[in-house]
Amino acid sequence: MEVYLRKDIEKIGLAGEIIKVGDGFARNYLIPQGLAVEITHHNKNQYVAKIRKVENRKEVIASQTSMFAEKLNTVAITLKRKIHDEGQLYGSINATEIVEGLATKGISITKSQVEFDKSIKAKGAYKVHIKLTTKLKATITVTIVAE
């Protein structure tokens, strides 16, 4: 069955797309939840026109997001934490601390956008990824120093 997605659904598709999904998935989940609308031969032209408008908006948003990613790639934050004699932290750095560090630089993101390659448990410089879209990630440098 073809459906028009009203909202982004992870691993399924983005809002404004016409996708093919299983009949049961569409009728039992997507349509009742208001996440999608069934495409019939009567309403297909209407939704195709909507897709054209959405594509234009997506291009504008993509260019703005890529500029934001370029800005983020140059950002470096320093976090002061209590450290053992061996250079180990008493805990590990979490996403909330990264979000707060970026907020001091005037950059607003959510903690679900922060992705670690591995947990940060020692002093030093680390690369942390910020997920901006499903395809675009920026990398910031986080430096951990002793208080």
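The values are calculated or read from the model by the stated rules, or taken from the named source; none is laboratory data. Here the structure is a predicted model, which means the values were calculated and not measured. Cβ atoms come from the backbone with ideal geometry, glycine included; neighbour counts cover every protein chain shown. Just so you know, the surface numbers come from the protein's heavy atoms only, side chains and all, with ligands and any DNA or RNA stripped out. Shrake-Rupley method; radii C 1.70, N 1.55, O 1.52, S 1.80 Å.
Could you pull out the pairs from 44/131; 82/135; 82/118; 7/118; 7/105 whose alpha carbons sit more than 27 Å apart here? Walk me through the intermediate numbers first.
Values: 44/131 33 Å; 82/135 36 Å; 82/118 20 Å; 7/118 31 Å; 7/105 31 Å.
As for pairs spanning more than 27 Å Cα to Cα, those are 44/131; 82/135; 7/118; 7/105.
Quick check: the distance between the Cα centres of region 92-138 and region 1-62, to the nearest angstrom?
31
Do you know the relative contact order of the chain, to the nearest whole percent, from alpha carbon pairs under 8 angstrom that are 6+ apart?
On the way: 207 pairs, mean separation 28.9, N = 147.
Relative contact order of the chain: 20 percent.
Ratio of Rg to Rh for the chain, alpha carbon only, Kirkwood?
Details: Rg = 21.1 Å, Rh = 18.2 Å.
That ratio is 1.16, to two decimals.
Using the alpha-carbon atoms, what tilt in degrees (0 to 90, nearest 10) does helix 44-73 show relative to the longest principal axis of the chain?
The helix 44-73 is inclined about 10 degrees to the chain.
Taking every pair of distinct Cα atoms and averaging 1/r, then inverting, what Kirkwood hydrodynamic radius in Å comes out for region 86-147? Show your work: numbers first, answer last.
On the way: mean 1/r = 0.0816 Å⁻¹.
Result for region 86-147, one decimal place: 12.3 Å.
List the trypsin sites (Lys or Arg not before Pro) within region 59-115 that DSSP assigns to loop and that have no more than 14 neighbouring Cβ atoms inside 10 Å. Don't skip to the answer; put the middle values down first.
Details: sites: 71, 80, 81, 82, 105, 111; in loops: 82, 105.
Passing both the DSSP loop test and the Cβ count: 82, 105.
When ligands, DNA and RNA are left out and all protein chains stay put, how many square angstrom of accessible area per residue does the chain have with a 1.4 Å probe?
Working: 9640 Å² over 147 residues.
In whole numbers, the chain has 66 Å² accessible per residue.
Considering only protein heavy atoms and a probe of 1.4 Å, how much of the accessible area of region 30-124 is carbon and sulfur, as a whole percent? All intermediate terms of the calculation are to be shown ahead of the outcome.
Numbers: 3230 of 6430 Å².
Carbon with sulfur: 50 percent of the solvent-accessible area.
Evaluate region 54-121: find the radius of gyration of its Cα atoms, find its Kirkwood radius, and give the ratio Rg to Rh. It would help to have the intermediate numbers written out before the result.
Values: Rg = 15.9 Å, Rh = 14.2 Å.
Result for region 54-121 is an Rg/Rh of 1.11.
For residue 46, what charge total do you get from the other residues with a beta carbon under 12 Å from its beta carbon, if Lys and Arg give +1 and Asp and Glu give -1? Show your work: numbers first, answer last.
Numbers: positive: 44, 50, 52, 53; negative: none.
In short, +4.
What does the charge add up to near residue 72, with Lys and Arg as +1, Asp and Glu as -1, over the other residues with Cβ less than 14 Å from its Cβ?
Working: positive: 71, 105, 127, 131, 137; negative: 70, 115.
So the surrounding residues net to +3.
Cβ under 15 Å from residue 140's Cβ, residue 140 left aside: what net charge do those residues give with Lys, Arg +1 and Asp, Glu -1?
Once all neighbours under 15 Å are counted, the net charge is +1.
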